[in-house]
């Protein structure tokens with residue numbers, strides 16, 4: 001009974017905070033828009049008895065999902081979100097891996113300080129950090145002032161409200177999520193393996209590629225998933241730094257839900273987005289399962 005009670009707690013948490021909200025959103029996605037409160041029909045009326053329940057389910061349909069397939073705006077937004085998420089993940093990995101490697105190679109007494117510097121941005125509001133990049137990347141921002149002062153450019157660069165600004169904001173924001181898993185994997189690595197590889201004739205670069213990278217694979221995979229999954233549905237960064245030129249599904253979802261007040265279509269967009277995210281989540285879980293089995 002104690003074991004069942006212990007297992008039931010996280011399942012109850014998932015039921016209350018994930019499954020029930022998902023079922024509500026899925027139900028709304030099968031509804032039709034209406035000028036009312038709530039702005040969709042049908043609504044379940046238990047006072048009508050069994051007939052009311054049958055009428056409720058008979059009015060649900062998949063027209064909103066069919067609409068998503070026919071309107072190019074939505075599938076272009078999904079493709080654009082996947083593309084931006086993939087490129088951002090690669091850029092974050094290229095920036096984050098050397099930092100994690102440097103942290104793992106640093107003396108033991110420096111590692112807590114370096115760890116604190118990585119997580120220090122989390123002490124500031126996410127929204128404030130994104131807003132700060134608007135002041136840095138704008139035409140009259142600090143970056144252009146610095147480049148003009150150094151004589152590297154003659155006219156200010158247009159960075160804000162471009163895809164470049166979106167990538168900068170995403171890499172900066174999600175960099176700790178890439179660094180920490182990789183650092184955790186590298187920290188556990190046995191340094192004698194590199195010494196043995198160099199004694200056997202490997203150069204430092206070859207030993208790094210053959211020993212360090214494979215042993216840090218679990219951290220790389222975990223970091224990539226921790227960046228890729230939330231970036232797909234990102235809304236704040238493309239809205240503030242990308243402007244109207246950046247098309248991502250998070251912005252489309254916001255506009256459908258709050259501007260157009262089309263809750264059924266917005267819910268259908270959210271359900272499809274969740275189904276897309278399930279694939280990397282399942283792959284991540286499978287990787288974690290294999291890692292645990294390998295450690296045992």
*Go through the residues of region 203-221 one by one and say whether even a single one is within 18 Å of the chain's Cα centre (by Cα), under 27 Å from residue 21 (Cβ atoms) and surrounded by 14 or more Cβ atoms within 10 Å (Cβ to Cβ).*
no
_Between 136, 99, 159, 128, which is part of a loop (DSSP other than H, G, I, E, B), farther than 30 Å from residue 275 by Cα and in the same structural domain as residue 246 (by TED's automatic domain parsing)?_
159
*Only one of (1) without any contact (Cβ under 8 Å) to a residue 40 or more places away in the chain; (2) under 23 Å from residue 76 (Cα atoms); (3) surrounded by 18 or more Cβ atoms within 10 Å (Cβ to Cβ) is not met by residue 264, so which one is it?*
(1)
_Looking at region 68-75, can you tell me whether even one residue there is in a helix (DSSP H, G or I), more than 24 Å from residue 238 (Cβ to Cβ) and either in contact with a helix residue (DSSP H, G or I) (Cβ under 8 Å, 6 or more places away or on another chain) or without any contact (Cβ under 8 Å) to a residue 60 or more places away in the chain (or both)?_
yes
*Hits in region 162-190 - residues which are touching a residue at least 60 places away in the same chain (Cβ under 8 Å) and not in a helix (DSSP H, G or I)*: 162, 189
*For region 45-62, how many residues are part of a helix (DSSP H, G or I), within 38 Å of the chain's Cα centre (by Cα) and loosely packed, with under 13 Cβ neighbours inside 10 Å?*
2
*Test set (1) under 23 Å from the mean Cα position of the chain (by Cα); (2) part of a helix (DSSP H, G or I); (3) at pLDDT below 90; (4) crowded, with 17+ Cβ neighbours inside 10 Å - residue 237 fails condition number*: (3)
_region 259-289: number of residues that are part of a helix (DSSP H, G or I) and either touching a helix residue (DSSP H, G or I) at 6+ places or on another chain (Cβ under 9 Å) or modelled with pLDDT under 75 (or both)_ = 20
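Does residue 65 satisfy the condition of being under 18 Å from the mean Cα position of the chain (by Cα), in a helix (DSSP H, G or I) and touching a residue at least 40 places away in the same chain (Cβ under 8 Å)? Talk me through it step by step, then tell me what you get.
On the way: under 18 Å from the mean Cα position of the chain (by Cα): no; in a helix (DSSP H, G or I): yes; touching a residue at least 40 places away in the same chain (Cβ under 8 Å): yes.
Considered against the rule, which asks whether it is under 18 Å from the mean Cα position of the chain (by Cα), in a helix (DSSP H, G or I) and touching a residue at least 40 places away in the same chain (Cβ under 8 Å), residue 65 comes out as no.
The values are calculated or read from the model by the stated rules, or taken from the named source; none is laboratory data. Keep in mind the model is a prediction, meaning the values are calculated, not measured. All Cβ positions, glycine included, derive from the backbone under ideal geometry; neighbour counts span all protein chains shown.
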